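**Student:** Take this structure, written in structure tokens, and hold onto it; I'll ask about it next.
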Amino acid sequence: MNKFLSLFAALILVACSSTKQVATVDRAANALSSNMELKIPVASATSIATDVAFLASDDLEGRDTGSDGILKAASYLRERLENLGVKPYEGSYLDPFETEKVNGFNVVGMLPGSDGILKDEVIVIGAHYDHIGLIDAVEGDSIANGANDNATGTASVLAIAEILTKLDFNRRTVVFAFFSAEEKGLLGSKHLAAKMKAENKNVVAMINYEMTGVPMVDTPYIAYLTGYDTSNMGEVFNNANIKRIVTGKLEQAAQYQLYKRSDNYPFALEFNVPAQTFSTFDFTNFDHYHKVGDEIQHVNANHMAAVVDATIPGLLDIINKSLLKMKTP
């Protein structure tokens, strides 16, 4: 317990509204349609810090798929979703899969849509919660804790789930997906995307969060969007937030084809819909990728909360109003 508290305290040191319930779907829909500002709860940096501290703790030994550590992480995520009031997806929070490489499971919850027609359209909001486990030791440390990669994205999705459950207003169905085996070739997201396709789910968009723990350097926007030119997602998010520029295109992300290297991509392939990833790793602001130094003291909970708050207006637009469109190459 002392180790956990010290981890939590360290993250709080780095990081160092009340909610007005929407009375009816019609009232909230009218607010969106007339560009009125909804009373949206803000993300809690403290809650985000707590989630990252647990997921990136030494006790979880780097959350390698198939390990005891990732079992602890999955149990934690399932409990968090249950406590938030997020329902299990198709009767279970655990979505098991088997491949030649590994056996694992995603953790998946859902908020059923409230609109008689739009509820059959599904928005997937996701992040991978696995990492690479134990690696060659550096100064006696062999645990690749994966704080930024990707406890930060996982905590961000939990923060989004908390805000959406407080608002209790989603006309489309929202699925929260925490993927395993991303580090082994997007295996968890490939499985869930194929499963949802086989179930004839009408997935209309997928928004992924990956490595959101450190602020970008010298950019007007808070997070870049992979595959920026594949859809109008960036434009929708920027138009929805009147307070700041939310997102833009990072040339290095296009150069390294990050659009195809995270859990958004299997959904793009299966459903041919906008499916993209928000990230703040800009190739200059973080030196610990897949290293033992990826620990909580190098990430910033206040920044993560700001990313969530910046993207929430766009998420609400997509969940309740706008239907995203793919762009012709």
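**Student:** Give Tyr265, Tyr256 a once-over and let me know the one that is closer than 17 Å to Asn150 by Cβ, surrounded by fewer than 22 Cβ atoms within 10 Å (Cβ to Cβ), among the hydroxyl-bearing types (Ser, Thr, Tyr) and out of contact with any Ser or Thr (no Cβ under 6 Å at 6 or more places or on another chain).
**Tutor:** On inspection, the qualifying residue turns out to be Tyr256.
**Student:** Only helices (runs of 4 or more DSSP H) wholly contained in segment 174-286 count here; list those with 1 or more residues that are farther than 22 Å from Ser322 by Cα and among the hydrophobic types (A, V, I, L, M, F, W, C).
**Tutor:** Numbers: elements: 187-198, 233-240, 251-255, 265-271.
Per the criteria, 187-198, 251-255.
**Student:** Which of the residues that make up segment 41-95 are buried (at least 21 other Cβ atoms within 10 Å of the Cβ), small (Gly, Ala, Ser) and in a helix (DSSP H, G or I)?
**Tutor:** Ala45, Ala49, Ala53, Gly69, Ala73, Ala74 - these are the residues of segment 41-95 that are buried (at least 21 other Cβ atoms within 10 Å of the Cβ), small (Gly, Ala, Ser) and in a helix (DSSP H, G or I).
**Student:** On to the next question. Go through segment 148-186 and report how many residues are at positive phi and surrounded by 24 or more Cβ atoms within 10 Å (Cβ to Cβ). Explain how you work it out, then say what you get.
**Tutor:** Within segment 148-186, the first condition is being at positive phi, and the residues that meet it are 168, 181, 185-186.
Next cut, surrounded by 24 or more Cβ atoms within 10 Å (Cβ to Cβ) only: 181.
Qualifying residue count, segment 148-186: 1.
**Student:** Cβ-Cβ below 7 Å, separation at least six or inter-chain, first residue in segment 278-303 and farther than 22 Å from Tyr221 by Cβ and β-branched (Val, Ile, Thr), second modelled with pLDDT of 95 or more and in a loop (DSSP other than H, G, I, E, B): which pairs?
**Tutor:** The qualifying pairs are Val292/Ala144; Ile296/Ala56.
**Student:** Condition check: part of a helix (DSSP H, G or I), under 28 Å from Lys119 (Cβ atoms) and among the hydrophobic types (A, V, I, L, M, F, W, C). Does Leu324 satisfy that?
**Tutor:** Details: part of a helix (DSSP H, G or I): no; under 28 Å from Lys119 (Cβ atoms): yes; among the hydrophobic types (A, V, I, L, M, F, W, C): yes.
When the stated conditions are applied, Leu324 does not pass them.
**Student:** Let me spell it out: the conditions are (1) within 24 Å of Lys321 (Cβ to Cβ); (2) of a type outside the set (Phe, Trp, Tyr); (3) over 20 Å from the mean Cα position of the chain (by Cα), and Leu84 meets all of them except one. Which number is the exception?
**Tutor:** That leaves (3) as the condition not met.
**Student:** Out of segment 102-160, which residues are β-branched (Val, Ile, Thr), in contact with a His (Cβ under 8 Å, 6 or more places away or on another chain) and assigned to a helix (DSSP H, G or I)?
**Tutor:** Thr154
**Student:** Ok, one more. Scan segment 239-253 residue by residue and report those that are buried (at least 20 other Cβ atoms within 10 Å of the Cβ) and either in contact with a helix residue (DSSP H, G or I) (Cβ under 6 Å, 6 or more places away or on another chain) or more than 24 Å from Phe178 (Cβ to Cβ) (or both).
**Tutor:** Ala240, Val246, Thr247, Leu250
**Student:** Additional query: If I go through segment 151-165 residue by residue, how many of them are under 9 Å from the mean Cα position of the chain (by Cα) and either under 12 Å from Ala53 (Cα atoms) or polar (S, T, N, Q) (or both)?
**Tutor:** Going through segment 151-165 one residue at a time, the tally reaches 4.
**Student:** Hey, can you tell me all the residues within segment 107-144 that are touching a Pro at 6+ places or on another chain (Cβ under 8 Å) and not hydrophobic (A, V, I, L, M, F, W, C)? Can you show your working first?
**Tutor:** Pass one, segment 107-144, residues touching a Pro at 6+ places or on another chain (Cβ under 8 Å): 108-110, 119.
If the condition is that a residue be touching a Pro at 6+ places or on another chain (Cβ under 8 Å) and not hydrophobic (A, V, I, L, M, F, W, C), then Gly109, Lys119 are the ones that fit.
**Student:** Would you check which residues across segment 208-229 are of a type in the set (Ser, Thr, Tyr) and surrounded by 19 or more Cβ atoms within 10 Å (Cβ to Cβ) and list them?
**Tutor:** Listed by number, the residues that qualify are Tyr209, Thr212, Tyr221, Tyr224, Thr226, Tyr228.
**Student:** Is there any pair with a first residue in segment 58-69 that is more than 14 Å from Asp149 (Cα to Cα) and a second that is modelled with pLDDT under 95 and not β-branched (Val, Ile, Thr) whose Cβ atoms are under 8 Å apart and which are 6 or more apart or on different chains, and what are they?
**Tutor:** Final answer for the pair search is Asp58/Lys3; Asp59/Lys3; Asp59/Phe4; Gly66/Asn103.
The values are calculated or read from the model by the stated rules, or taken from the named source; none is laboratory data. The model shown is predicted, which means the values in this text are computed figures rather than measured ones. Quick reminder, even Gly has a Cβ in these numbers, built from the backbone with ideal geometry, and neighbours come from all protein chains shown.
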